[in-house]
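Values quoted throughout were computed directly from the atomic coordinates according to the rules given, and no laboratory measurement underlies them. Just so you know, these numbers come straight off a predicted model, no measurement behind them. In this analysis, Cβ positions are derived from the backbone assuming ideal geometry, glycine residues included, and neighbour counts consider all displayed protein chains.
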Amino acid sequence: YIFISVIFVLAVNSIFIGVNRMDVILPFVASFLVLNYLYRRKMIIYNFISVFFLLTSMYLISQIRGTFEYRIVEDTAAFITDNLQVYLGGVYNVALSMELDKFSDQNPILTFLYDLVRPFLGLNLLWRSDTLETSTVLFNERIFGEGHVSQIIPLVGQFHYAFSFVGSLFSVILFTATLYILLKYLRGTYLFTALIIIVIMLRMLITPFQN
């Protein structure tokens, strides 16, 4: 039963749309938290296999996205660290996102509203600007220069750009309070419901620093 469960989870997590690495990581982690809860110590060997599968998936997606083609630093260790810190709430990316108000002369409130509209299907057809860029595009221009967009602006930086220090503080307080509420709700829920909540909580844990 364990082997079949693991194969089924790996197969399901291999099906996704796009090249967003978080679309693979979050369902994968949530699924294996549940499997470890069900099978406990029997999952030790399968966990190693699963981690290898996850790392291989991340590498292949990074190759497709051309992540390794842009080297900000020449040192190999620094290059690896620079790529890892994007997913671990790295201070470098957060620091760069805090500088957007100095780097760009766009209207920050208008940019924030544009950020809210652009991801929504339907609404994005009503507002498409040739002169206004999203904060994510500005963030990538700050890192790479023009012509390459592969990283999402950290949420604290996005709020800081629009509302200064108050915005950054508000975003962290909001997500901390929401996580506390979800954690209380998680206790005593059914397994299927818990699986959904775990995915949401995992995403929210990294959202302030990764978005």
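The loop-placed GluC sites (Glu not before Pro) in segment 112-180, going by DSSP, that have at most 14 neighbouring Cβ atoms within 10 Å of their Cβ come out as Glu146. Multiplying the residue separation of Lys42 and Glu146 by 0.36 nm and subtracting their alpha-carbon distance yields 32.5 nm.
Sorting 98-106, 151-159 by their mean Cβ neighbour count within 10 Å, with the most densely packed peptide first, gives 151-159, 98-106.
For a quick protection proxy, order the peptides 134-140, 23-29 by their average other-Cβ count within 10 Å, most packed first.
Values: 134-140: 21.0, 23-29: 18.3.
Ranked from most to least packed, the peptides come out as 134-140, 23-29.
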